[in-house]
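Working notes, structure below.
The values are calculated or read from the model by the stated rules, or taken from the named source; none is laboratory data. Since we're looking at a predicted model, the values are computed, not measured. Cβ placement follows ideal geometry from the backbone for every residue including glycine, while neighbour counts extend to all protein chains displayed.
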Amino acid sequence: MRTKTAKVLVVEDEPAIREMISLALSSNGFESIGAESAEQARIQIKNSKPDLILLDWMLPGLSGMDLARELKADPLARHLPIIMLTARAEEGDKVEGLGAGADDYITKPFSPKELVARVKAVLRRAAPTIPIEPVEVAGLRLDPDSHRVTVLQKVVTMGPTEFQLLYYFMTHPERVFSRAQLIQQVWGNNIYVEDRTVDVHIRRLRKALEPSGHDSMIQTVRGAGYRLSTRG
Ligand code: CA
């Protein structure tokens, strides 16, 4: 089993901003690597294979916009999601940024919280094109690529939220998560979700897993939250 930590390449020439972004990313469970120019970024993309690029528009030398165009024209790098960082707020520039192939756009100054929410949203949208290995626990198999859950090759049907919940549990087995943690992981920071919404989806997930007996793996830990466990 493999847990995938998304790796984000931060291309920004101002050290203070680069460090602020890196800190926000690492404290939210992302791996972050930095580059101070587009030229350095090219090397990092080859060597470190990031999952997403945060790309400053104004860079010394080759601009962020030029690098975005270059990457989107490269069959090996085309799939890489790009979020442009810029001080320019004009609508025309935004259109130009998206036209160059950027997947999203964030205007300085931005809060770390907003940045992390955007990164998560873009990664989620890009996820179907990133091949991720299936996970399996006690005969229950989840394939993130085909969005399928199976037991002995028989499909277990469930809603998209139950699927995301199960995926999170299966990649973090035997660990207890509070409702607040599950909300952050499954729904993201930018949406207001009540604790009891989590309970509703946990109930639905158990119901979906009931026919194969896997519902008992989704355990309630009194006063703490929920966990996936193969121990009773
Ligand atoms: Ca800059």
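Is it the case that Leu54 is at pLDDT 90 or above, outside the structural domain of Gln185 (by TED's automatic domain parsing), out of contact with any Leu (no Cβ under 7 Å at 6 or more places or on another chain) and aliphatic (A, V, I, L, M)? No.
Checking each residue of region 34-46 against the condition of being at pLDDT below 90 and either surrounded by fewer than 21 Cβ atoms within 10 Å (Cβ to Cβ) or in the same structural domain as Glu174 (by TED's automatic domain parsing) (or both) gives at least one match.
Here are some residues: Leu115, Leu80, Leu85, Leu98. Which one is at pLDDT below 80 and in the same structural domain as Ile45 (by TED's automatic domain parsing)?
Working: Leu115 fails: at pLDDT below 80; Leu80 fails: at pLDDT below 80; Leu85 fails: at pLDDT below 80.
Within the list Leu115, Leu80, Leu85, Leu98, the selection yields Leu98.
For region 200-232, taking the residues that are under 23 Å from the mean Cα position of the chain (by Cα) and of a type outside the set (A, V, I, L, M, F, W, C), the one that is surrounded by the fewest Cβ atoms within 10 Å (Cβ to Cβ) is identified as Arg227. In this structure, Pro134 does satisfy being touching a strand residue (DSSP E or B) at 6+ places or on another chain (Cβ under 7 Å) and surrounded by 15 or more Cβ atoms within 10 Å (Cβ to Cβ).
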